[in-house]
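The block underneath contains the structure these notes are about, expressed in structure tokens.
The values are calculated or read from the model by the stated rules, or taken from the named source; none is laboratory data. Computed from a prediction, not measured in an experiment: that's the story for all the values here. Cβ placement follows ideal geometry from the backbone for every residue including glycine, while neighbour counts extend to all protein chains displayed.
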Amino acid sequence: MPDYKTKLIEDLYESLSIHFNPDDISIVSQAITKILANYEVTEKSTQLTLRDDKNERLLKRYAACLMVDGKSEKTIAIYIRQLQRFSDSIGKPFDEISTYEIRYYLASLKDTGVSFRTLENYRSYISAFFQWLTREDFIIKNPCDKIAPIKYPIEVRHPFTDMEIDSLRSSCITERNRALVELLLSSGLRVTELISLNIDDIDFNRLSVHVRSGKGQKERITYMTDVCAMHLKKYLVSRSDQKTALFLSAAKKNRITAGGVRNVLKTIGADANIANVHPHRFRRTFATNLAKRGMNVQTIAKLMGHSDIQTTMVYVSLDESKIISEYKQHTA
């Protein structure tokens, strides 16, 4: 049987020789030799082993439960992809995975250079899954219970200023682009909701927008301004096609895609000399501007399609002058 203890010490000696002198390495080697006398050392097996598909079956059941809970297909795909990656890396049935192994997995991800925010997302995916396993009695004890949320610096994401909004409007060279910008500014739509709109989802009399494919398959009504309605009408009049989609690609052949919207906004932002022009920033601007004008957060949440007002608060960015004004108003 190979002497793995000796091999381990030799490998360690070679690794340490890059940074330490021979005398120091010798002292370390002697200490490790004494410690290893109390342990059995074996080489990690690199052979493929047969295993059942228990993990895969559990992931499929979890995906089905997420679907019933109203999670979108995109969200479910992200969860399952990360959990499959976790399963493949650990290489053990979920009911045999320990807290240490989860911590080690997260540490190995951090070594790849991911941010603490991304690492916390991964931890939350794993934690939610093990909570489900525990709740459904697939495991007795949740190994994630002892793993605290990972702290990360909060990035301040600013909405557009009034001056930036004026510049974006001025940089729209087509009726479609101006209508698209106005609708994002006045409705708080997600980009996936915007591209799914049909012409008959717009009620010009009530200035309303019927969102039929909201996040989690939730329907809702949001609204638009008179200015937005005017530019939407101009855009629709400029079209000669019989398509049902509200917004078409530049070639006017197909419904515009999410990537197409992002490219349009990126171009408009470049022309206006404004950085980070993307759909979600319009949604943040929508929420912030309504809050500045005194709309209560419950109403903003309903317009944005949020079931939890805490989610809405993440979008609202109040400047210092607004905070001071509110404070004086409520303490006078």
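Going by what's in this entry, would residue 123 be described as assigned by TED's automatic domain parsing to the domain that holds residue 93, in a helix (DSSP H, G or I) and not hydrophobic (A, V, I, L, M, F, W, C)? For residue 123, the condition - assigned by TED's automatic domain parsing to the domain that holds residue 93, in a helix (DSSP H, G or I) and not hydrophobic (A, V, I, L, M, F, W, C) - is met. For the structure I just gave you, tell me whether residue 157 is assigned to a loop (DSSP other than H, G, I, E, B) and out of contact with any His (no Cβ under 7 Å at 6 or more places or on another chain). Judged against the criteria, residue 157 is a match.
Screening the candidates 220, 190 for the property of being in contact with a Gly (Cβ under 7 Å, 6 or more places away or on another chain), of a type in the set (Lys, Arg), within 30 Å of residue 64 (Cα to Cα) and modelled with pLDDT under 95 yields one hit, 220. Test residue 44 against the criterion of being modelled with pLDDT of 90 or more, not assigned by TED's automatic domain parsing to the domain that holds residue 8 and not in a helix (DSSP H, G or I), and give yes or no. For residue 44, the condition - modelled with pLDDT of 90 or more, not assigned by TED's automatic domain parsing to the domain that holds residue 8 and not in a helix (DSSP H, G or I) - is not met. Checking residue 239 against (1) in contact with a strand residue (DSSP E or B) (Cβ under 9 Å, 6 or more places away or on another chain); (2) closer than 17 Å to residue 304 by Cα, only one condition comes out false. Which one? Status for residue 239: all satisfied but (2). Inspect the range 253-265 for any residue being β-branched (Val, Ile, Thr), under 15 Å from residue 190 (Cα atoms) and touching a strand residue (DSSP E or B) at 6+ places or on another chain (Cβ under 9 Å) and give the result as yes or no. Checked the range 253-265: at least one residue is β-branched (Val, Ile, Thr), under 15 Å from residue 190 (Cα atoms) and touching a strand residue (DSSP E or B) at 6+ places or on another chain (Cβ under 9 Å). Being modelled with pLDDT under 70, surrounded by 14 or more Cβ atoms within 10 Å (Cβ to Cβ) and not basic (Lys, Arg) holds for only one residue in 62, 13, and it is 13.
Among the residues of the range 95-123, those identified as within 25 Å of residue 140 (Cβ to Cβ) and among the basic types (Lys, Arg) are 103, 123.
When the range 53-104 is filtered for residues that are part of a loop (DSSP other than H, G, I, E, B) and at negative phi, the ones remaining, listed by number, are 53, 69, 71, 72, 92, 93, 97, 98. Among the residues of the range 194-217, those that are free of Cβ contacts under 8 Å to residues at least 60 places away in the same chain and in contact with a helix residue (DSSP H, G or I) (Cβ under 8 Å, 6 or more places away or on another chain) comprise 199, 202, 204, 207, 209, 210, 212, 213. Within the range 266-279, the set of residues being free of Cβ contacts under 8 Å to residues at least 24 places away in the same chain and of a type in the set (A, V, I, L, M) comprises 270, 275. Among the conditions (1) surrounded by 17 or more Cβ atoms within 10 Å (Cβ to Cβ); (2) more than 18 Å from residue 81 (Cα to Cα), the only one that residue 107 does not satisfy is (1).
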